[in-house]
1. Evaluate segment 41-63: report whether one residue or more is over 25 Å from LYS10 (Cα atoms), surrounded by 17 or more Cβ atoms within 10 Å (Cβ to Cβ) and not β-branched (Val, Ile, Thr).
2. Being surrounded by fewer than 13 Cβ atoms within 10 Å (Cβ to Cβ) and either in a helix (DSSP H, G or I) or without any contact (Cβ under 8 Å) to a residue 40 or more places away in the chain (or both): is that true of ARG118 here?
3. Residues being surrounded by 21 or more Cβ atoms within 10 Å (Cβ to Cβ) and not polar (S, T, N, Q): count how many of those fall in segment 132-164.
4. Does segment 91-109 contain at least one residue that is free of Cβ contacts under 8 Å to residues at least 40 places away in the same chain, in a helix (DSSP H, G or I) and aromatic (Phe, Trp, Tyr)?
5. Please list, ordered by first then second residue, the pairs with beta carbon atoms under 6 Å, 6 or more apart or interchain, first in segment 74-90 and assigned to a helix (DSSP H, G or I), second charged (D, E, K, R) and buried (at least 17 other Cβ atoms within 10 Å of the Cβ).
6. For a quick check of your reading of the model, give me the residue pairs whose first member lies in segment 159-171 and is part of a helix (DSSP H, G or I), whose second is surrounded by fewer than 16 Cβ atoms within 10 Å (Cβ to Cβ) and among the basic types (Lys, Arg), with beta-carbon atoms closer than 8 Å and at least 6 apart or on different chains.
Amino acid sequence: MTLNSELPPKLTSRFEEALIYATQLHACQIRKASGVPYISHLLSVTALVLEDGGNEDEAIAALLHDAIEDQGGDKIRQEIYQKFGESVASIVEECTESDTIPKPPWKERKLAAIARLRDASPQVRRVIIADKLHNARSILVDWHRYGEEIWTRFKGGKEGTLWFYRAIIESDRNRGFNVLTEELDRVVKQLEIL
């Protein structure tokens with residue numbers, strides 16, 4: 001394959017509908033440390049998925065990857081299935097760490113997420129790793145703005161958060177080379193030396 005030898009994935013009105021839906025679902029949500037509107041995270045994850053060669057279903061799932069967990073559980077799961085189909089709903093489901101309130105304990109959720117990644121499809125892996133990569137990049141930027149204080153905003157603290165990212169990297173590497181995983185590794189190494 002040569003550079004630019006493949007046509008880019010086509011985005012249809014389904015993507016536009018998902019973008020509006022995600023914006024509405026997460027309208028009142030902000031990022032933990034920065035207070036930036038949450039849609040910025042969803043757009044960044046979606047960009048990473050598309051840049052990595054993801055198709056429209058993967059891009060829509062990237063926009064909606066936190067919807068079940070953060071915006072209504074089973075009701076939202078059913079809406080996603082009805083609006084965007086089984087493929088999107090399945091990817092979003094695999095990206096969901098918890099759909100109950102209260103959520104299970106942090107470590108339990110993270111161990112389950114790592115285990116799910118081991119058997120995940122390439123489509124699910126792409127969205128999950130893009131999500132973790134954007135989160136890690138955001139932590140790095142926030143650390144430069146706010147210093148060590150940022151770690152207090154994460155249930156796992158610095159040690160647990162870095163353990164989780166390292167476990168995700170190792171789990172995904174066992175499936176073969178992945179550009180997003182290698183970038184995540186570079187960012188996590190920067191966080192580890194701070």
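1. no
2. Against the criterion (surrounded by fewer than 13 Cβ atoms within 10 Å (Cβ to Cβ) and either in a helix (DSSP H, G or I) or without any contact (Cβ under 8 Å) to a residue 40 or more places away in the chain (or both)), ARG118 qualifies.
3. Qualifying residue count for the region: 8.
4. The first filter runs over segment 91-109 and keeps only residues free of Cβ contacts under 8 Å to residues at least 40 places away in the same chain, leaving 91-105, 108-109.
Applying the additional criterion that residues be in a helix (DSSP H, G or I) yields 91-95, 108-109.
The next check asks that each one be aromatic (Phe, Trp, Tyr); those that pass are none.
No, segment 91-109 contains no residue that is free of Cβ contacts under 8 Å to residues at least 40 places away in the same chain, in a helix (DSSP H, G or I) and aromatic (Phe, Trp, Tyr).
5. Close Cβ pairs (under 6 Å, with a partner that is charged (D, E, K, R) and buried (at least 17 other Cβ atoms within 10 Å of the Cβ)) amount to SER87/ASP57; VAL88/ASP57.
6. If the second residue must be surrounded by fewer than 16 Cβ atoms within 10 Å (Cβ to Cβ) and among the basic types (Lys, Arg), the pairs left are GLY160/LYS107; SER171/ARG118.
Each reported figure results from applying straightforward, stated rules to the coordinates on display, with no laboratory input. Owing to the predicted nature of the structure, the values given are computational and were not obtained by experimental measurement. Here Cβ is always computed from backbone atoms with ideal geometry, including for glycine, and neighbour counts include all displayed protein chains.
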